[in-house]
There are 2 protein chains.
Amino acid sequence: MCMNSPFFPWLKDSRLDGKTVTGDLSAALVVTLMLIPQSLAYALLAGMPAHIGLYASVLPLIGYAIFGKSPALAVGPVAIASVMTFDALIPFFEPGSSEWIAGGMFLAVASGLILMVFGFLRFGFIAALLSHPVMSGFVTGAAILIILGQIKTLTGIPVTGGTALQQLQQLLANMGDVNWVTLSVGLSTFLLLLLARRLAGRLFKLAGVRGLLLDILTKASPLAMIAIVTLVLVSTGYNSDTQTVGSIPTGLPTLMLPPISSAYNSLLISALLIGVVGFIESVSMARAIGRIRQVSTDSDAELRGLGAANLLSGLSGAFPVTGGLSRSVVNLDAGARSPLAGVFSAILMVAVLLGTGQYLESLPLASLAALIIVAISSLLDWHTLRECIRFDRADAAGWLVTFLGVLFFGVEHGIMLGIALSVGTVLWRQSRPHIAIIGRIPGTEHFRNVQRHRVETLDNAVFLRVDANLFFANWDRIREFIDQQARHLSNKGKVVLSMASVSDIDSTALEGLQELARDLNSRQIELSLCEVKGPISDKLKRVHLFEQVTLHLSNNEAFEAINRNVHCTKQVSEPT
Amino acid sequence: MCMNSPFFPWLKDSRLDGKTVTGDLSAALVVTLMLIPQSLAYALLAGMPAHIGLYASVLPLIGYAIFGKSPALAVGPVAIASVMTFDALIPFFEPGSSEWIAGGMFLAVASGLILMVFGFLRFGFIAALLSHPVMSGFVTGAAILIILGQIKTLTGIPVTGGTALQQLQQLLANMGDVNWVTLSVGLSTFLLLLLARRLAGRLFKLAGVRGLLLDILTKASPLAMIAIVTLVLVSTGYNSDTQTVGSIPTGLPTLMLPPISSAYNSLLISALLIGVVGFIESVSMARAIGRIRQVSTDSDAELRGLGAANLLSGLSGAFPVTGGLSRSVVNLDAGARSPLAGVFSAILMVAVLLGTGQYLESLPLASLAALIIVAISSLLDWHTLRECIRFDRADAAGWLVTFLGVLFFGVEHGIMLGIALSVGTVLWRQSRPHIAIIGRIPGTEHFRNVQRHRVETLDNAVFLRVDANLFFANWDRIREFIDQQARHLSNKGKVVLSMASVSDIDSTALEGLQELARDLNSRQIELSLCEVKGPISDKLKRVHLFEQVTLHLSNNEAFEAINRNVHCTKQVSEPT
């Protein structure tokens, strides 16, 4: 197993010792108990038959273990990817139809391939496509859309869909059509889940339960609550008055390629967005896990791991998956130390698929809706909005615009808006490189910003320090600034660029520097460079720039050389 | 006229003196002579009736003069915007139909509004959406597509369209269907245009013509060559055997809103792309002009100017326009000193519209195709490709991928690919901030990279200098690097961040710094910051960061303070 191989990258950091295997196994037990109801619920959220969610919880976990690296990221169906899948398919197919399922498979295969290719190309940097505030606004908006959608299932009130506002209006308008059995089931599950979340741990502790058993019992409590509601429903005979999960085929998913449809061309952008959003969420979770487990995070390995997970999800008949936030936290707490936890989870899920199908068939949909609402409410991230409002208005605006974008235009257009905002922010920051006019602090060899320090400057010469790498996105502004300063110089003037902070330069800026030297020379102004780093100097030599410009080692050397020049006289300027 | 008003921004730099007015007037004469045949040709390229090109050369020039700033940018129909317009409309309408014309109006109005809004929002930084090599690859690819398209008109060989390769195949397969009259007209115009370009200036000079008259006669020569071919064709009676411009209505365009169509939703992205590409090309031309005329360039004013030009183009029944490269060069050479040159050009064009329609009707399309080929060949920019191959492989790859993207997937997908490449490059550069481990040069207070210099370092303490602003796109990598270094430290270790190059920090990095301090503290490692700039220090104070971290004024102060600490011992490291 070569250390640089993309396979099983986690073997570098984890040892396959008893501690790892025990930790992973107990974490798998706990996580699987959460995964069973969540898989069913998120499959329904994606418009799929419920059992497909179980399929999405087997092979993808093994795929992630082959290429992924995080010691505790729990891969499988998640709410955001499911709602994005639903939104991508709804213009083309009928929810739950065989075309719908095939479309979901295509989305998973396509986003899996895209992520794997990105991973092998080492494109991990695309995590910067979404800033943290924008992602938070997106997730919060999507969570509200999901909750609104689940209220329909929880109450039985018919809602045909549309924007958040339209759905809310329909809910209010059709309140009379509420199905009382469904509502009772939904609300009682909801209350039981909240109670279990608050009390289960404490009650079991009071009863003297400790360690792994406590973990298992606590994490099994949502499943237990839903089981209780189901048993009551079946025993009272009201189960025919509300919708249930329905037939769950016993057996394992079979591997197959999704059939081809002409609509799939239009799904490619959706596949890309689902993959990228899932990756960005997962990699930030993986980073948090890595800090706690003291292992480095490799975003390229995460791309490959999530890509393999999605590819296998699609090939086994299921839909897009990614790293789930709440399950990952539980995984970590329960002691997961490597992706083996996921492999154990997959094995347990196989047992569920082979043995327990008939027990899951009577689960009422309203109970699963209540489960989704409880699970998703932890994604409502008002905290980040408050922090942004306090410390960075631009970030707060990004949060709000994305949030409102999701509510009014849906998840897909919302995330596109978010990407445009984040990328726009990067470009905007790029286009404002910091350039300082510098002078010499009297009696020293130090050069500082003339606006902040009392410094010596030279008449008919200007010293500029560029605090950025030079490349196409900032060169125009830099050039504009230099031109402005050079306009104050007369014949035989000097422009000195201090390049101490420049550690990279691209062909646009390289060409730009040549052009600058030429233009200044044509006006009898000399361009000098100083404090040029080695690699930059090599590049400048290759374009023969030093035939046009003077090179000085340090600011001070340039200052002294020009000071000897009769055309420039020294003066002391006060900070402004 | 307030100096900060967005109206007539060029009045800041240009005086409306005799020199300006004379220069602008003579430039207008010269440019209009080029503009007449080019307007007709580029309208045909956009699939419009030829006279619409003349409409696009009146009000847009006045719109630019109101909001634009460049002293010599010549606005009007251009080849790239025209071929993008054609590509945007072809999936929906029949070329030349009234729906087609209305679609073109919509594209112009929409891209005009988008650019104006961008301009007022000061979004000039979006010029960084396309790097220079990518733009060059795009323009070269588009030029080849245009030339291929014109060969059809020049030879009369029927070609139904498709990718570059498909068009080439059709041309070769249908070579037998060549229309000999059309081919003769096209080739003879082509040769005459090449001859005129090479010889006209010299011949007129030999004849003793100088100054403005020389300019006018030279720039009129393409129009004269086409006129000669037309006259020969009409006089020999062969004009019925080849297609001509056809009826040109006499009179001015009337102002109107484009009618509404449901297809327009799908055109919005195209409008955005046409506007942005036109802006990026124009603003780089405007910058080159600004350097020569020694005036500053304001990319926000260019956005507003081009926006107003497009808005008025659409409202006067025409299609998207932007700054033309070749006409701008001619405009500059001929002495244009302000956008008044455009206003004069518009007035001359009104005269053309009112008086000369019937003379233009017999122009053969093959001659206009020859004119396009000659004009567009200057856009074939192999020079940039060669330079990129020599100096920057990544830029060369960007050029080639965009070029091939245009040829195989068309202009619209090609430019999207180019934007993705350019934005990807920016994000990639961002994600690789330069971080150096620094130490003290013995006997000084200077701190330098340990890899390049012989420096003193402290045991169980690490000094890091981050050479970038801290924000969401680079924070993860910076954090990862710090974590890696901190892992080598034991209890009571110190991490010192030297913040001299940090002039901005966003909320993600701010939160990240807090988290970093907390995580390090939990491992008994202390985080110190030094050389923090004023505005950054203010931000850190607001999040109470200094309760968790130690602040030192300089690297040296931090070094001395830690050196007194029993847990860290001094040593000298050699460069690696």
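Summary table below
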| quantity | calculated |
| --- | --- |
| Residue-averaged [θ]222 nm for the protein assembly as shown, counting only DSSP H segments that reach four residues, each worth -39500 (n - 2.57) | -20000 deg cm²/dmol |
| Net charge of neighbours whose Cβ lies under 12 Å from the Cβ of residue B:501, counting Lys and Arg as +1 and Asp and Glu as -1 | -1 |
| Segment A:1-114: C-alpha gyration tensor shape, a/c 1.5 cut-off, then a/b vs b/c | oblate |
| Cut-off 13 Å, label 7 Å out along Cα→Cβ of residue B:266, residues of segment A:260-279 by amide N | A:266 |
| Area of residue A:453 that stays accessible when all protein chains are in place (1.4 Å probe, Å², to 10) | 70 Å² |
| Cα gyration tensor, the protein assembly as shown - rounded (a/c under 1.5), prolate or oblate | oblate |
| The protein assembly as shown, dipole about Cα centre (Lys/Arg Cβ +1, Asp/Glu Cβ -1), debye to the nearest 20 | 2280 debye |
| Average silhouette area of segment B:435-573, convex hull of alpha-carbon atoms, in square nanometres | 7.5 nm² |
| Accessible area per residue in Å² at 1.4 Å probe, computed on chain B | 40 Å² |
| Most positive-pole-ward Cα, A:142, A:220, A:253, against dipole of chain A from beta carbon charges | A:220 |
| Other-copy label distances relative to residue B:554, 7 angstrom Cα-Cβ extension, nm | 1.4 |
| Helix B:180-206 axis, angle to chain B major axis (alpha carbon atoms, nearest 10°) | 70 degrees |
| Positive-end residue, segment A:435-573 charge dipole about Cα centroid, Cβ charges, pick of A:572, A:544, A:446 | A:572 |
| Unit charges on C-beta of K, R, D, E only; dipole of segment A:435-573, Debye | 360 debye |
| Degrees between helix A:393-430 axis and first principal axis of chain A (Cα, 0 to 90, nearest 10) | 20 degrees |
| Percent antiparallel among DSSP beta bridges (both partners in segment A:435-573, rounded to 5) | 45 percent |
| Helix axis angle, A:98-120 relative to chain A longest principal axis, alpha carbon, degrees | 30 degrees |
| Whole-percent carbon and sulfur share, accessible surface of segment A:14-168, 1.4 Å | 70 percent |
| Inter-copy separations for residue A:326, label at 7 Å along Cα-Cβ, nm, ascending | 6.5 |
| Cα centroid of segment B:455-524 to Cα centroid of segment B:314-386, whole Å | 57 Å |
| DSSP-defined beta bridges in the protein assembly as shown - what % are antiparallel, rounded to 5 | 55 percent |
| Mean-position separation - Cα centroids, segment A:1-68 and segment A:267-298, in angstrom | 15 Å |
| Exposed-loop-free span, longest in chain A, where GluC sites (Glu not before Pro) count as exposed if DSSP calls them loop and at most 15 other C-beta atoms lie within 10 Å | A:1-360 |
| Within straight-line cross-link reach of residue B:19, aspartates and glutamates at Cα separation under 17 Å, skipping those fewer than 8 residues along the same chain | B:333 |
| Length-normalised contact order of chain B in % [C-alpha pairs under 8 Å, at least 6 apart] | 23 percent |
| Extension gain from residue A:197 to residue A:432, taking 0.36 nm per residue of separation minus the Cα-Cα distance | 79.7 nm |
| Modelled label reach - residue A:169, point 7 Å along Cα→Cβ, segment A:132-162 residues with backbone N closer than 13 Å | A:160-162 |
| For the pair A and B, total buried accessible area rounded to nearest 100 Å², probe 1.4 Å | 5200 Å² |
| Sequence of A:384, B:254 from largest to smallest accessible area, 1.4 Å probe | B:254, A:384 |
| Label point 7 Å beyond Cα along the C-beta direction, distances from residue A:378 to other copies (nm, shortest first) | 6.5 |
| Simple label model, 7 Å out from Cα along Cβ direction - residue B:347 to residue B:254, nm | 2.7 nm |
| Theoretical FRET efficiency, 1/(1+(r/R0)^6), r = Cβ-Cβ of residue B:452 and residue B:210, R0 60 Å, to 0.05 | 0.50 |
| Spatially proximal lysines relative to residue B:219 (Cα-Cα < 19 Å; intrachain offsets below 8 disregarded) | B:205 |
| Lysines with Cα under 28 Å of residue B:533, excluding same-chain neighbours fewer than 8 positions away | A:533, A:570, B:492, B:494, B:541, B:570 |
| Shape call, segment A:97-159: gyration tensor on alpha carbons, a/c limit 1.5 | oblate |
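The values are calculated or read from the model by the stated rules, or taken from the named source; none is laboratory data. Note that the structure is predicted; figures quoted are calculated from it, not measured. Quick reminder, even Gly has a Cβ in these numbers, built from the backbone with ideal geometry, and neighbours come from all protein chains shown. Accessible surface is based on the protein model in full, side chains and every heavy atom, while ligands, DNA and RNA are left aside. Shrake-Rupley method; radii C 1.70, N 1.55, O 1.52, S 1.80 Å.
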